[in-house]
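Student: Let me give you the structure first, and then I'll get to my questions.
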Amino acid sequence: MVRVSQPTDTPRIVCSYQGAQIRDAREHVQVVFTVEPPRGVKNGLRESGFRPTGPNGAWQRKHTPIAVIKAQAICNTFFEPEQ
């Protein structure tokens, strides 16, 4: 018997930082915070096309290669990468 794995709706973690994660959620790139982000982070995300998505604290935009690059640039500026 061959088992076919079911696609999962769990976003894949692209990068982890102390206070934030960048996730690949299929159609969207998400930036999720574990701490309140500085105003500069929110402004940078908004200027890069990200929008807040509700109570979980995630910001997201349509998935494109440039969306991941912009999210990484913002997080690299304000957060330390996790080891």
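The values are calculated or read from the model by the stated rules, or taken from the named source; none is laboratory data. Here the structure is a predicted model, which means the values were calculated and not measured. Don't worry about glycine lacking a Cβ; one is built from the backbone with ideal geometry, like all the others, and counts go over all protein chains shown.
Student: So, of the residues in segment 1-24 that are surrounded by 11 or more Cβ atoms within 10 Å (Cβ to Cβ) and not in a strand (DSSP E or B), which turns out to be modelled with the lowest pLDDT?
Tutor: First, the residues of segment 1-24 that are surrounded by 11 or more Cβ atoms within 10 Å (Cβ to Cβ): 11, 13-24.
Still in the running and not in a strand (DSSP E or B): 11, 18-19.
Numbers: Pro11: 82, Gln18: 92, Gly19: 91.
It comes out as Pro11.
Student: Continuing with the same structure: For segment 25-57, give me each residue that is modelled with pLDDT of 90 or more and under 15 Å from Ile13 (Cβ atoms).
Tutor: Across segment 25-57, the qualifying residues are His28, Val29, Gln30, Val31, Val32, Phe33.
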